[in-house]
1. Check which residues have an amide H placed less than 5 Å from residue A:338's amide H, if you skip close sequence neighbours.
2. Between residue A:186 and residue A:220, what length in nm is gained on full extension when 0.36 nm per residue of separation is reduced by their alpha carbon distance?
3. Provide the FRET efficiency to the nearest 0.05 for the residue A:648-residue A:569 pair, computing r from the beta carbons and using R0 = 41 Å.
4. Does segment B:123-231 classify as rounded, prolate or oblate by the C-alpha gyration tensor (a ≥ b ≥ c root eigenvalues; a/c under 1.5 gives rounded; else a/b over b/c gives prolate, otherwise oblate)?
5. Out of the GluC sites (Glu not before Pro) in segment C:70-123, which ones are loop residues according to DSSP with at most 10 other C-beta atoms within 10 Å?
6. Let me know the charge dipole size of chain B about its Cα centre in debye, to the nearest 20, where only the beta-carbon of Lys, Arg (+1) and Asp, Glu (-1) is charged.
7. Going by C-beta contacts inside 10 Å, put A:656, A:758, C:77 in order with the fewest on the left.
8. Restricting attention to segment A:390-497, which chymotrypsin sites (Phe, Trp or Tyr not before Pro) occupy a DSSP loop and are surrounded by at most 13 other Cβ atoms within 10 Å?
Amino acid sequence: MTVDEMRQQPWVGRRIPRQEDNRLVTGTGRFADDVTPQGALHCAILRSPHPHARIVRVDVARARSMPGVVAAVSGAEAREHWAPLPPNFALPGIVAPRVYGLAVDKVVYEGEPVAAVAATDRYLAEDALEAIEVEYEVLEPVMDVDEGAVDWYGDGSPASPASPRLYDEWDDNVQVRYDFAYGDVERSFGEADAVVEARVAVHRYAAVPLEPRAVVAEYDPDGRTLTVRVATQVPHQMRTTYARIFGLPETSVRVLTGDVGGGYGSKGQADGDVVPILLSILTGRPVKWAETREEWMLAGPVGSRGYVHHAELALRSDGTVLALRDRLLADVGCDGVVRAIGLAALIVGATYIPGPYRIDAYDVRVRGLVTNKPAYGAYRGYGKDIANQLIERLMDKAAAALGMDPLELRRRNLLTEFPHEICTGPIIESGSFVECLDLVQEKMDLPALRREQERARANGRFLGVGVVSTMEPSAGAIPMSVFSGFESATVRLHPDGTVTALTGLQPIGQGVQTSYAQVVADCVGVSPADVRVRWGDTDAVPYGLGAYASRGATFGVAAAHQAATEVGRKLLLAASVALEVTPDDLELGGGTVRAKGSPGTAMDVADVAQRTYFQPGPYAMLPGEKEPVLEASAVYTNPEVNWLPDEHGRLRIYPTHGSGAMGCLVEVDVETGGVDVRKVWYVHDSGRLINPGIVENQLIGSSVQAFGGTMFEQIVYDDAGTLLTRTLGDYQLPNAASVPDIEVSHIETPSPITPLGTKGLGEGGHIGIGAVLLSAVEDALRPFGAEVLETPLTPPRILQLIDRARESRARESRAQTAGAVRDDV
Amino acid sequence: MRPASFEYVRPPSTAEACRALADGGTALAGGQSLLPLLKLRAVRPALVVDLNRITELQGIGNGEATELAIGAMTRHQHVADDPVVASAVPLLAEAARRTGDMQVRARGTIGGNVCFADPRANMSTALVALGAVAVVERTAGSRQVPVAEMFSDTRVSALRPGELLTRLHVPLGAGADRGVYLEFAPQPNGVPIVNVAVVPGDGELAGPRIAVGGLLRTTCRATQVEKAVRLEGATSAAIRRGIEGLLADHEGYADPRGDTAYRARLASVLIGRGLERAARGPRTTEREV
Amino acid sequence: MGGLVPLDTEVNGERHRREVEPRLLLVDFLREYLRLTGTHSGCDDGLCGACTVLVDGEPVKSCLMLAAQVDGARITTVEGLRAEDGPHPVQQAFVDAEAVQCGYCTPGFVVAATALLARDAAPTDDGVREGLVGNLCRCGCYQNIRKAVRSVGGSR
Ligand SMILES: Cc1cc2nc3c(=O)[nH]c(=O)nc-3n(C[C@H](O)[C@H](O)[C@H](O)COP(=O)(O)OP(=O)(O)OC[C@H]3O[C@@H](n4cnc5c(N)ncnc54)[C@H](O)[C@@H]3O)c2cc1C
Ligand code: FES
Ligand code: FES
């Protein structure tokens, strides 16, 4: 290819270096905590040492007189100055507690904020916390949900009869109840040749972004305006939320974000972040809060996962799945709606448990119970992992029960025709599930792995192989919530030929700046280097919804594309006037507009722009155009989203769906219980790729996170409700030495329902890894006959699984011998 | 997570450091364990005595052929890289090499590792198996304490107020050059769940010397295991019996990474592997145990 | 309350003389006093490495050091690695190898990788894995970070 031809190639689809990286590698990025306004105060928050207690008295008087302290406030005092935290969604079946940024009369988790100070430096602020006196009346904490005592059928038996209630105004401790049924489940189970059952349980682990929460609040008492720089995924919703909490018009509130140090779902709500804002309002000075890691572990949106399925799958002897039944129970910490946003993940999970398989009879019930733990946050996967974990384990179990090859069983049931409406309502618009499975099998060289496994077993070593299918619903649009379903963009081609693209989406590591520049560049014929993407200033960019639910490549990109396409259209129109060639005979690229087939007839984009603005100007260059400037704004909504319940009560909140398959190889040390994850293969199809390098990082990154979550990350409380995992050392994030190589392969089946054929992505690895690791470890332990249905796969658990399997074998063989003896008699 | 106020001194000599400690100061060595506690305000010294300018506390010497003297302020990385350590007591180099990470090794010191008295400390376990002796000084004089007796409880050392650990004397010979250090951690960094060090016996009569970390509330010499192995041979049954003996006499350690029962199993496995490696010959430095 | 102690240190080639509280952490000195905000804080506990800087050439977690302790020392932060005419080779390698996502961990990795390469100019893949366990990347860029570091070191 000549340089010139290279320049004509579309930018979409190319692996170009990221624009954001130069500042990030040189330490010149701007994260919220990097900014300290003149005269800023530092906020420190006093937190409850008890998981469940009534607040009898808080006295901040002594703190107020400490050196450097400008303000100190208790929850009771703060109450006059703000409204309760608003619920982030209001779906039927969900209840929301009424809580404030600082607890007023009761605390429901260890680490709940009860008072705060603002001082001239951080050290003095922490000194002052020690001078605050709080008297608590300690209550018995609820630290677990009792699987045996759940009211599944609404017959009135309380959810957990013995446990005290967290919220006095609630009838019980159930925060979400969700039931759904479709098809004749009873009959299908009656007709089945085989029924397999499983209890699949996943422990609590969390997003733990490396950048903790950070807020810089600046209230201007004269103008009654509030500027908040904050590490968030959703700047516009934060503006709306802050305005509500502090009784300010939205026009007076400006939210700024710069670089955000990872979110993964965890930075999507206002919780403790409102405390420094209050202190800024009370003092009229800028107030900064950069939380410590311990604060995040204690009081961030730390809940996530912490669920158990009790499920049954009915099949015909040929492997056809007939029906599925599940009871999904989750420990949602103190709240998953107001202080955090994880609760709806359970409903998403229930919606997608049938996954990429044809299942026409399905019955699911979901209960989320509150406990005295921190809030239930959103975390990458957001329920799709909950779904995959169950259906894939059931598939393996069913294959074993029917004596079928587990991949064959999957192929028999995978969706192959699209679009396909699954029984819970979503339409799988396109896909390549079987192709992904075939390709992963090929990449792994499964027969060779099986031979290696044989040889290893002969030497007393235990290798295991797992393979699963994955479905990655993306671009969630949740009704009655701040996670609504549109995105906005403005694209402006300047007179000098450079382009500004404003997006409501928020970069959090997913390469928005570069990939959006690629999309826009193609539409207006320039290079991505000429496109400057701007975000995260609610005064500068149109109202958009930010980063959640892998919506960027669906909503964000489509809005930018729509606006840029319109600019491109006007650009061609103007060029057609200048070049006297009809627009249809013109093409854009490499910074020029050319007549097709006659490269001599061409103009620089900058030239056209200059003429359109000024020389001679819009009346001559774009006569008759309603908006004769090279700028356009767009709002994108996806036609497949449906918020009107159909006759089965079904909605469609995720419009796009990626396909995938994952394989892995593990080795288990059956003496220590250690598991070495040696390699992961991931075949992924999320439609057309904008920048393969960025996509691969998302796929690998999400896999690495769920690898950590499944293997060793854990949040643990003792019986009294005290957090035991308070540092990253206790928690264990995956590191360079433990993380396996992940080999990614792509299939590109365009989505028919997005303008570029793209689909959202970014959670895929997190969806499949849990199930594939469980499957592989179970395979490694097959000589012992151990079932692996529970996380984390820590060494002690592995040994316990082996022990249990040995015991039950021993019991069986004793029973057999006993039986044999009886037979003899 | 910011320390409470304290006074700070940076004495240039052991003698002055001892005086400052006698005034109620708290020693600051590499800070890799003390700083987190200061930040949590779990430790609130009035006076911090920074040992980092005392050159006499740094470095490794073997003036005497029978022992190696390691200054308390010698960094983990230095121990890991030192050629004399590598040939005379390779297990100590391995223990150092596997302590935390590059940054922690650049600051953390062997003395701090012992004084912090964490039951899972790498250097402590290696030093106990090697039969090392700590030299402890105070304004009024000095005493020598076997490292195995340096620990009173989890994170409580046997140092008395005002005492400074200045040197560690590691005896050479007696199989020290054939010793093995093994550990098992949730991931290859940070603190192990259990670690063991095995120094094979020298000659027919002397059995191996074995130390275990992460099993009991302190790092310990596994004398019961040594005895069982001497009498019955290095069978897994003998090792397990020895471990049970240890646990019968002492309280076990437990945390969310493993209860005492798991630690006992892990210790048995690692000791078995350690004995096997030590018997097989020196210089096995496999990453995975 | 502790009295102030004098601090005379060279940071990225520039000399700074201050009086500081003994309890002031090096990371706060760099970020809040000198406004060198490339050094990040991710854990406060010495576990994530985001705060890694070079003190007299040695990689150190600046959240586990007092500012007073760098009196007389030479410090290099991520900002100081950058040459006049562009990024440091390690910085460029991170860009080229697609080793960055959110970028919060990146400065710490870049500084640690520089120190690692100073110890071993051509580390093996395992050498890089072990050499960088003191730095955590929650976005999970390890695979490409290893590639970046080895591309500077020249593969072996
Ligand atoms: C991320 C991380 C990972 C780690 N991983 C490991 C690991 O895998 N294995 C392991 O063993 N350790 C590990 N550590 C701990 C590390 O080895 C520490 O260096 C060591 O425990 C303490 O040594 P220090 O020199 O830093 O001592 P400091 O933290 O300065 O001091 C520790 C304690 O000992 C006292 N003290 C120190 N020196 C003396 C002395 N000479 N005389 C009297 N008292 C003294 C201090 O007053 C203090 O109470 C890790 C630490 C970190 C931060
Ligand atoms: S902030 Fe220093 S290591 Fe994490
Ligand atoms: S790039 Fe986000 S933490 Fe490393």
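1. Answer set, sorted by chain and number: A:88.
2. Details: separation 34, 0.36 × 34 = 12.24 nm, distance 6.39 nm.
Full-extension gain reported as 5.8 nm.
3. On the way: r = 42 Å, r/R0 = 1.02.
With a Förster radius of 41 Å, E is 0.45.
4. Values: a/c = 1.98, a/b = 1.31, b/c = 1.51.
Note, shape of segment B:123-231 comes out oblate.
5. Counting only loop positions with at most 10 other Cβ atoms within 10 Å, the GluC sites (Glu not before Pro) in segment C:70-123 are C:84.
6. Values: 34 positive and 30 negative charges, 124 e Å.
Here chain B has a charge dipole of around 600 debye.
7. On the way: A:656 31, A:758 28, C:77 24.
Placing the least packed residue first, the sequence is C:77, A:758, A:656.
8. Details: sites: A:433, A:462, A:483, A:486; in loops: A:483, A:486.
In loop regions of segment A:390-497 (DSSP not H, G, I, E or B), there are no sparsely surrounded chymotrypsin sites (Phe, Trp or Tyr not before Pro).
Bear in mind that the values in this text are calculations on the coordinates, not laboratory data. Keep in mind the model is a prediction, meaning the values are calculated, not measured. Glycine gets a Cβ as well: all are built from the backbone with ideal geometry, and neighbour counts include every protein chain shown.
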